[in-house]
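Written below as structure tokens is the structure these notes are about.
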Amino acid sequence: MYAEPGTIRKIIEESGDTWAVVGLSNNPQRAAHGVADVLRRHGKRVVPVHPKAETVRGEQGYATLSDIPFPVDVVDVFVRSELAGAVADEAVAIGAKAVWFQLGVIDEDAYERTRAAGLSMVMDRCPAIELKSLGDRSAAGR
């Protein structure tokens with residue numbers, strides 16, 4: 001229910017190319033770092049959002065979503081579930097088109113609020129895994 005294949009495809013292929021990755025820092029040992037690299041390889045602009053506002057791979061970082069001075073299409077969330085709802089609410093407030101909660105990040109109330117606000121949303125999934133899966137299905141259809 002929280003990761004419908006049509007919604008996954010829509011977010012990855014149609015929602016836009018500017019992804020704010022909340023929780024992305026310069027620590028290459030963190031999962032957010034690897035996922036950001038995969039997103040970049042697939043043509044996405046990755047904007048780091050972290051309290052330290054670090055620049056990551058040449059992209060200026062911001063402390064919060066509301067600090068980003070340009071439109072964001074998708075907000076990819078790498079924070080604990082108990083913090084994720086506030087991030088989803090901020091994504092709605094900045095006018096994002098979609099919210100993606102990473103593996104293990106679950107907040108059913110935030111999911112309902114975000115969907116009610118008109119945004120696409122996926123929860124408890126990883127876009128790096130889904131990108132590979134979409135690529136495999138596309139290749140199989142040729």
Legend entry - Complete set of residues in region 112-133 that are surrounded by fewer than 20 Cβ atoms within 10 Å (Cβ to Cβ) and either among the β-branched types (Val, Ile, Thr) or modelled with pLDDT under 75 (or both): 129
Inset, instruction - Quick one: count up the residues across region 1-37 that are under 13 Å from residue 57 (Cα atoms) and over 11 Å from the mean Cα position of the chain (by Cα). - result: 7
Inset, instruction - Would you mind stating whether residue 47 is touching a Pro at 6+ places or on another chain (Cβ under 7 Å), aliphatic (A, V, I, L, M) and more than 25 Å from residue 1 (Cα to Cα)? - result: no
Legend entry - Test for residue 63: is it under 19 Å from residue 36 (Cβ atoms), small (Gly, Ala, Ser) and modelled with pLDDT of 95 or more: yes
Inset, instruction - State the number of residues belonging to region 46-102 that are in contact (Cβ under 8 Å) with a residue 40 or more places away in the chain and acidic (Asp, Glu). - result: 2
Legend entry - residue 44 being of a type in the set (Lys, Arg) and within 14 Å of the chain's Cα centre (by Cα): yes
Legend entry - Filter result for residue 109 (touching a helix residue (DSSP H, G or I) at 6+ places or on another chain (Cβ under 8 Å) and either over 10 Å from residue 20 (Cβ atoms) or surrounded by fewer than 18 Cβ atoms within 10 Å (Cβ to Cβ) (or both)): yes
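The values are calculated or read from the model by the stated rules, or taken from the named source; none is laboratory data. Note that the structure is a prediction, hence the values are computed from the model and not measured. A quick note on method: Cβ atoms are made from the backbone with ideal geometry, for glycine too, and the neighbour counts reach across all protein chains shown.
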